[in-house]
Amino acid sequence: MPITKVFEGKIDYIQILDKDGKVDKTLDPNLPNDLLEKIYRMMVLARTWDKKCLALQRTGRMYTYAPLEGQEATIIGSVLALGKEDWIFPT
């Protein structure tokens, strides 16, 4: 079977915060403080829920569970970007 190249190119990414936590002002979405606080609270709640579910799974009181630690921002941000007409199928 011959070798077939399936991808050749580059992948770009955007980084709003640098390694020291400083914001690139040109990319700052300027979200209101009340929304930022809501997002933060939801991320903390998600992490708390995750720890509880993981403890239940590891003690045999819950079936398979895929942890989300470290991915809270992706999950919360994705959900907050949904509109009323959007559908979501979590895994």
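The values are calculated or read from the model by the stated rules, or taken from the named source; none is laboratory data. Quantities reported herein were computed from a predicted structural model and do not represent experimental measurements. Here Cβ is always computed from backbone atoms with ideal geometry, including for glycine, and neighbour counts include all displayed protein chains. In case anyone asks, the SASA skips ligands and DNA or RNA and just uses the protein heavy atoms, side chains included. Shrake-Rupley method; radii C 1.70, N 1.55, O 1.52, S 1.80 Å.
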Could you list, in sequence order, the residues of the stretch 30-52 that are in a loop (DSSP other than H, G, I, E, B) and either surrounded by 10 or more Cβ atoms within 10 Å (Cβ to Cβ) or in contact (Cβ under 8 Å) with a residue 12 or more places away in the chain (or both)?
Leu31
Mind checking whether some residue in the stretch 57-65 is at pLDDT below 95, among the hydrophobic types (A, V, I, L, M, F, W, C) and surrounded by 10 or more Cβ atoms within 10 Å (Cβ to Cβ)?
yes
Can you tell me which residues in the stretch 74-91 are assigned to a loop (DSSP other than H, G, I, E, B) and out of contact with any helix residue (DSSP H, G or I) (no Cβ under 8 Å at 6 or more places or on another chain)?
Ala81, Leu82, Gly83, Lys84, Glu85, Asp86, Trp87, Phe89, Pro90, Thr91
Would the stretch 9-20 turn up any residue that is in contact with a strand residue (DSSP E or B) (Cβ under 8 Å, 6 or more places away or on another chain), under 24 Å from Ile76 (Cβ atoms) and either at pLDDT 95 or above or among the acidic types (Asp, Glu) (or both)?
no
So, in the stretch 67-91, exactly how many residues are exposed (fewer than 10 other Cβ atoms within 10 Å of the Cβ) and touching a residue at least 12 places away in the same chain (Cβ under 8 Å)?
1
Considering the stretch 53-72, residues that are assigned to a helix (DSSP H, G or I) and within 17 Å of Pro90 (Cα to Cα), and then whichever is farthest from the chain's Cα centre (by Cα), we arrive at Cys53
Filter result for Asp12 (open to solvent by less than 70 Å² (accessible area, probe 1.4 Å) and part of a loop (DSSP other than H, G, I, E, B))
no
